[in-house]
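Data first, discussion second: the structure below is written as structure tokens.
The values are calculated or read from the model by the stated rules, or taken from the named source; none is laboratory data. Not measured: the values here are computed from a predicted model. Counting neighbours? That spans all protein chains shown, and the Cβs are built from the backbone with ideal geometry, glycine included.
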Amino acid sequence: MAKITDMSGAPLQPRPRRLRQQEARRAASAPRVDDDEYIPDTELSRIVNDSGVLRLADDVVPAWAIAAQAFFITIPLAILHTLLEWLVYKQFQDDEATLGMIARESTPTAFAVLLVLVYVTHRWSGSWIVQLAMAMGGAVIGGKLVATVTARPALGVMLRTPGMATVWIYFVAQMRLELATLSLAAVGGYYYLGVAK
């Protein structure tokens, strides 16, 4: 059986039960640091302010973090673009266009364009100016998408829709709820009043 020793190697002697109980009572009745009555409010506020616990995080975000966020947001958008383009080819019974071929030909270009767009807009997506620009851009792109789909359903024309749909979906996802609703209502109104008649 192993012996319990102190740092010098001498065996530790158990303390008597009476001594342990006295120490426990003293510790229970001793003032605690977290009791408000023992630290004045001014001292508490000084400690909190000096520690910086409640300070807001700096607005400066490292460039690599923004680039990483843009990269990881762009991946599903590029996949969505590729799938939408593949669906356009399937809609027109073009069996020669395989998903692999489309991914090799159009995905790198779409990824690069989307990465730049996402990097610029996601970095300042909390700004009202960017939010309004995305709302107006979403309304214009959505209206153009609806007009393209309903007016001239030809393969060459329909190949414009994957890019527009991807950017429109990204804008709507990044907008505040009120602006996204207004943008979608504008597109719905355009369809109802303009294209449908």
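For segment 108-127, indicate whether the set of residues that are more than 23 Å from the chain's Cα centre (by Cα) and outside any helix (DSSP H, G or I) is non-empty.
no
Go through segment 28-51 and report how many residues are loosely packed, with under 10 Cβ neighbours inside 10 Å, β-branched (Val, Ile, Thr) and modelled with pLDDT of 75 or more.
Result for segment 28-51: 1.
Among (1) of a type outside the set (D, E, K, R); (2) more than 27 Å from ALA63 (Cβ to Cβ); (3) touching a Lys or Arg at 6+ places or on another chain (Cβ under 9 Å); (4) part of a helix (DSSP H, G or I), there is one condition MET136 misses while meeting the rest; what is its number?
(3)
Cβ-Cβ below 9 Å, separation at least six or inter-chain, first residue in segment 137-156 and in contact (Cβ under 8 Å) with a residue 60 or more places away in the chain, second surrounded by fewer than 16 Cβ atoms within 10 Å (Cβ to Cβ): which pairs?
Cβ pairs passing all conditions: LEU155/GLN91; LEU155/PHE92; LEU155/ASP94.
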